[in-house]
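Single-structure report; data block below.
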Amino acid sequence: MLPLLQIQNVILSPDIITEHFCCDLSICKGQCCIEGENGAPITLDEVATLETAAEEVWPSLSAQAQAVIDRQGVCYSDAEGDLVTSIVGGKDCVFTTYDAHTGCCLCAIERAAAVGQTQCQKPISCQLYPIREKQLSNGLIALNYHRWSVCKSAVEMGKKLKLPIYIFLEKPLIRRFGQEWYDELSQTVKELSQQKIL
């Protein structure tokens, strides 16, 4: 079995390298933005960005989402004390919107950014999914693959395309850790493959 990989101050679970993944919205309809008990994890630094984004995408949010934001803001602390995006009715993230033609759940921030209506980006935890990040007590960061039944179609699509998780998430990983870090990860994977460890 492949051991844990460490790239700079980041420890990666080996299945991020060996497992395959590719979102298939035509099947899952964006359930990851709907299902679950809490909103998406966010950092303190992202709160101001989400507040700005909320103003810029306000017309595209549902009346229920607007009411939640008016009442408690774009985020709250969950039972474990972690900051997460506010949710509607114990379900939808307040930034979810629905495509009228496909019924697919989409991120209002991401949609607005795609057409130049905002410079804001959705939370890094959303972009990195199915990778989950955890800060360790020794200062290191752990990245783990979060397996979820609603992503079954993404696993199947990833296998079909032979697309490893770390390649599927190249852009978010670069956003989070930088190009140099990602290049080092890619080189490490290449060397492990050449040594037939992978």
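No lab work stands behind these numbers, since they all come straight from the coordinates. Just so we're clear, the structure is a prediction, and the values are computed from it rather than from any experiment. Don't worry about glycine lacking a Cβ; one is built from the backbone with ideal geometry, like all the others, and counts go over all protein chains shown.
Taking the three principal axes of the alpha carbon atoms in the stretch 107-194, the coordinate ranges are 44, 34, 25 Å, sorted in descending order. Taken as Cα centroids, the stretch 165-198 and the stretch 117-148 sit 16 Å apart, rounded to the nearest whole angstrom. Of the beta bridges in the chain, as assigned by DSSP with both residues counted there, near 85 percent are antiparallel. Placing pseudo-labels 7 Å out from each Cα toward the beta carbon at Thr102 and Glu180 gives an inter-label distance of 3.8 nm.
Neighbour counts of other Cβ atoms within 10 Å put Arg175, Arg71, Arg147 in the fewest-to-most order Arg71, Arg147, Arg175.
Over the chain, DSSP H runs of length four or greater, each weighted -39,500 (n - 2.57), average out per residue to a 222 nm ellipticity of -11000 deg cm²/dmol. The convex hull of the Cα atoms of the stretch 29-129, projected and averaged over all directions, covers 6.2 nm². Candidate cross-link partners of Lys91 among the lysines, defined by an alpha-carbon separation under 27 Å and a same-chain spacing of 8 or more, comprise Lys29, Lys122, Lys134, Lys152. In straight-distance terms, cross-link reach from Lys160 covers every one of the aspartates and glutamates whose alpha-carbon lies under 20 Å from its own, apart from those fewer than eight places away in the same chain; here that gives Asp15, Glu19, Asp24, Glu170.
Once the Cα gyration tensor of the chain is found, what semi-axes does its equivalent ellipsoid get, as square roots of 5 times the eigenvalues, in whole Å, sorted largest first?
So the equivalent ellipsoid measures 31, 19, 15 Å along its semi-axes.
Dipole check for the chain: with +1 at the C-beta of Lys and Arg, -1 at the C-beta of Asp and Glu, and the Cα centre as origin, the magnitude is about 680 Debye.
Dividing the Cα radius of gyration of the stretch 7-84 by 2.2 N^0.38 Å, with N the residue count, gives 1.41.
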